[in-house]
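This report concerns only the one structure given below.
The values are calculated or read from the model by the stated rules, or taken from the named source; none is laboratory data. Just so it is clear, the structure is predicted and the values come from calculations on it, not from any experiment. Note that each Cβ is placed from the backbone with ideal geometry, even for glycine, and that neighbours are counted across all protein chains shown. Side chains included, ligands, DNA and RNA excluded: accessible areas come from the protein's heavy atoms. Shrake-Rupley method; radii C 1.70, N 1.55, O 1.52, S 1.80 Å.
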Amino acid sequence: MKVLGFESSCDETGVALIEVPAAGTPRLLAQALHSQIAMHQAYGGVVPELASRDHIRRVLPLTREVLRDASLSLADVDVIAYTQGPGLAGALLVGAGVAVALAAALGKPTLAVHHLEGHLLSPFLSADAPEFPFVALLVSGGHTQLMRVDEVGSYEILGETIDDAAGEAFDKSAKLLGLPYPGGPHLAQLALQGNAAAFELPRPLLHSGKPDFSFAGLKTAVLTQVKRLGESPSDQQRADLAAATQAAIVEVLVKKSLLALKQTGLKRLVVAGGVGANRSLREQLNAACAKRGIRVHYPELSLCTDNGAMIAMAAAMRLQRGLGQLQRGGSFEVRPR
Ligand code: KG4
Ligand code: ZN
């Protein structure tokens, strides 16, 4: 069976084709991605209406590219999967609309996928795929959660953020430092030259004893420091503040992941979502987990941020387990929240 997957929840248009064996790991046949980052950069963030329009422009050329790379045609596709939410309503409508329309024209079923389940299962696209059960640290631009994952579809939230997501903390702090959108990778780059000890920043809820998070206070503390530095901070001061911000976010993510692992007694951690691409986070998680005999799995770097492969993969893993709610016909619904 072959699954074609569409991702269009935010500012990346992703399309991918996956081969689903009756047993064993599904295999990525081809994927194509178009990032809108350059387009939104001028506005300092994602402009929803521009995002929707660009998804419309990109989605069919990307689909043709994927089919060509796999030397297949639409007639070879058995199921069409799409991101149902969460995300921007107009952006979601493009991927969902195209998926449902193609499926109706071909007489094939569709499968709606939860964007976060896509992130969560993206490490299964790696050669070194994890095994169930595991603790998952899901860190994206919109979400920060620790979960116990026993199987596909069996998810227990152990803790989550009570305000901003980790990616949001990176992005908002980066904006305060005058860095372009999306700030996370830019802040990480600037932090390489900085000394994290030069600024003292808060680690909210670090000692709450629960795997929960709060990042809003950190953003406020960064703002206070930026104001204190005045109109023209030196390059070194900006790098130091970037390093201190990253250190604060990473320390909290590492400590809370260890807490969730301890509470569940599990010995496997899966990290997914855009912030999972952060090098400092990976280094510190690897070091802390190695000491405790815990295996850590990440998606490939290119699959940390939004992509079509993770959506097709989540659909494939559901279908293999008889968990997919296949739909036929032309009606559909997106779930922005
Ligand atoms: O998962 P994702 O692509 O989109 C959402 O579903 O939100 O995550 C995007 C987030 C952004 O906040 C971005 O700044 C952050 O991931 N990010 C990073 C890095 N790469 C992406 N944050 C820190 N360090 C990075 N290297
Ligand atoms: Zn995402």
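The table that follows gives values for the structure above.
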item: Sequence-separation-based contact order of the chain, relative, with Cα cut under 8 Å and 6+ spacing, percent; result: 25
item: Nearest-20 debye value, the chain charge dipole, Cβ charges on Lys, Arg, Asp, Glu; result: 440
item: Region 229-271 residues near the modelled residue 206 label - backbone nitrogen below 17 Å, point 7 Å along Cα→Cβ; result: 241-260
item: Stretchable slack from residue 223 to residue 235, in nm (0.36 nm times residue separation minus alpha-carbon distance); result: 2.6 nm
item: Full-extension gain in nm, residue 150 to residue 73, via 0.36 nm per residue minus C-alpha separation; result: 24.1 nm
item: Loop-located GluC sites (Glu not before Pro) in region 81-157 whose Cβ has at most 14 other Cβ within 10 Å (DSSP); result: 131
item: Percent of beta bridges antiparallel (DSSP, the chain, rounded to nearest 5); result: 60
item: Rounded accessible area per residue of region 1-158, 1.4 Å, Å²; result: 38
item: Length-normalised contact order for region 67-153 - Cα pairs under 8 Å, 6+ apart - percent; result: 22
item: Charge-dipole axis of the chain as Lys and Arg at +1 and Asp and Glu at -1 on Cβ define it, positive-most pick from 99, 181, 162; result: 162
item: Which of 209, 191, 229, positive extreme of dipole for region 188-235 (C-beta unit charges); result: 209
item: Fraction of antiparallel bridges per DSSP, region 65-209 only, in percent to nearest 5; result: 70
item: Choice from 248, 290, 112 showing the highest fluctuation, given a GNM over the chain with Cα pairs closer than 10 Å; result: 290
item: Gained length - residue 287 relative to residue 193, 0.36 nm times residue gap less alpha-carbon distance; result: 31.7 nm
item: 12 Å reach of a label modelled at residue 279, 7 Å along Cα-to-Cβ, counting backbone N of region 192-208; result: 192-194
item: Dimensions (Å) - region 26-66, Cα atoms, principal axes, largest first; result: 37, 17, 14
item: Long-range Cα-Cα pairs in region 230-337 (distance over 16 Å), rounded percent; result: 72
item: Most mobile of 292, 64, 268 in a GNM of the chain (Cα contacts under 10 Å); result: 292
item: Carbon/sulfur fraction of accessible area - the chain, other protein chains in place, 1.4 Å, %; result: 52
